[in-house]
Every structure is written in C-alpha cells, then in structure tokens.
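Q: Please read through the structure below; I'll follow up with questions.
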Amino acid sequence: MKILLKADRESNRDFAFRVVRENIINLKLQPGSMISEQDIANELNLSRTPVHEALQELARTKIIEILPQRGSLVSLIDMSLVDEAVFVRATIEAAVTEQACKIATPEDIVKLEENVNLQEFYLLKENLDKIMELDNAFHESMYKITNKMLCHSMVKTINIHYDRFRELRLHTSDTNNIIQEHKNILQAFQNKAPEAAKECLLQHLNRHSIDEKDMRAKYPQYFA
C-alpha cells in the first residue's frame, strides 16, 4: 500500500479514508483483495477507530464490502456502478464545461493548454501517474472556472468506481486517444464554442463503453 503524507489539520479518519481510497483507485489494493483494519492502522500509525470509520464510509460507496469477523473485501469492478458514476459525472460536468467555455478568461485557457502540453510530455516519459494527475486537474479546472467546487466534491465521492476504471484503462488502452479528447475540449475553449466543448466532454466521458471489452480480456479477474 502506498502511504501518503498526512495533511495539516487533517483528521485521522479523513487521512485513513484518503489513503485507502487512493490505493483502491490506483490498484495498489487490487479488486477482490482482502484488507485488514489492524494492518492499515499499523501502516498509518493510527488506532483502529479512525480506520474503522474510514472503511465504513467507503463501504457506503460500495467500493469495499465489510465481512464480519473476516475483514474487508475490495469490490470487483461492477460496470453498473461505473455506468452510474459516469452518468452522474457526465450530467453535471457537461453543464459545468459548457458554462466554463462561455466565461473562461485567456489566462484560464493558457492553463488548460499548459496542462495538455504536460500530458503529452509525460506520455513520452511513460509516466502514467502524472498523466492521471494532470487528467484530474484538467477536469477540475472546469469546476474552478465556474466556481462549482461543491459540485466537484459531490462528483468525486461517487466517481471512485469510474476513477478505478480509468486507472486500469491507462494500462490497457491507447493513452493518445485520451489526450486527443482533452485537446478536442481545449480547441472548443480556444474557439469559444460552448456546445462543442460540451459534446467533446460527453464523448470523452462515455468512452468507457468502448474500452470495457479490452479491459475485461486483459484483466478478467478484476471484474464482477
């Protein structure tokens, strides 16, 4: 498990939640694997109580299943939950992206350009972790431009199922396609074309249905 740095004033529960969530998304805690409250508490140098609370919270998102007397099971990838996460995100983010395109300043567009350029740079370096980080930042920019960060927080909660799918997709599919779709969204911003930005965003988010077959073939053990 990858151990993250504890943030200033971050509660032990929030820290445990963030670490376990991140390790599930980046597949360090693989679908179908068992995890132990005590082992996590030991690794994070915490008592079991905040870890227990964090796992209970994650269980409510259905990303883990708590098995009495046995521990917790990292759920297999359930495409119905991925589809639902995409539906919620696409519904909200399409509207946010369209609005962001209408009001984006030249400085906002420059930041998006810099982000996409860095994605291409790290693709050459084969640094998938940085590409995922930049991918997340690219989409978060839409919420920042429109001052809709509460919406971003809501989407992030349910998006754990889609985020794990996206991480696996980076190791399965052609990353050039993902970056090209970001470039298409960027071009719509450069052209001040809100409707085009919205359509490019929807096409981008809904590509999971295209990639599922290849991912199931390569990692059948990860899927329900």
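Q: Do we find a residue being aliphatic (A, V, I, L, M) and either within 15 Å of residue 164 (Cα to Cα) or at pLDDT below 95 (or both) anywhere in the range 10-19?
A: yes
Q: Something else now. Which is in a helix (DSSP H, G or I), in contact (Cβ under 8 Å) with a residue 60 or more places away in the chain and over 16 Å from the mean Cα position of the chain (by Cα), of 112, 123, 118?
A: Result of the check over 112, 123, 118: 112.
Q: Would you list the helices (runs of 4 or more DSSP H) that sit entirely within the range 148-208 and hold 1 or more residues that are polar (S, T, N, Q) and in contact with a His (Cβ under 9 Å, 6 or more places away or on another chain)?
A: 175-190
Q: Please work out which residue is most open to solvent (accessible area, probe 1.4 Å), limiting yourself to the range 117-143 and to residues that are among the hydroxyl-bearing types (Ser, Thr, Tyr) and either in contact with a strand residue (DSSP E or B) (Cβ under 9 Å, 6 or more places away or on another chain) or more than 22 Å from residue 83 (Cα to Cα) (or both).
A: That would be 122.
Q: Could you run through the range 34-92 and say how many residues are within 22 Å of residue 222 (Cβ to Cβ), open to solvent by 80 Å² or more (accessible area, probe 1.4 Å), assigned to a helix (DSSP H, G or I) and of a type in the set (Asp, Glu)?
A: 2
Q: Now, a different point. Spot the failing condition for residue 188; the list is (1) farther than 17 Å from residue 22 by Cα; (2) at pLDDT below 95; (3) not basic (Lys, Arg), and only one is missed.
A: In the conditions (1) farther than 17 Å from residue 22 by Cα; (2) at pLDDT below 95; (3) not basic (Lys, Arg), residue 188 misses (2) alone.
Q: With respect to residue 146, is the statement that it is in contact with a Leu (Cβ under 8 Å, 6 or more places away or on another chain) and open to solvent by less than 30 Å² (accessible area, probe 1.4 Å) true?
A: no
The values are calculated or read from the model by the stated rules, or taken from the named source; none is laboratory data. Since the model is a prediction, treat every value here as computed from it, not as a measurement. Positions of Cβ are generated from backbone atoms using ideal geometry, with glycine treated the same way; all protein chains shown enter the neighbour counts. The protein model used for the area step is the full one, side chains on, heavy atoms only, and it has no ligands, DNA or RNA in it. Shrake-Rupley method; radii C 1.70, N 1.55, O 1.52, S 1.80 Å.
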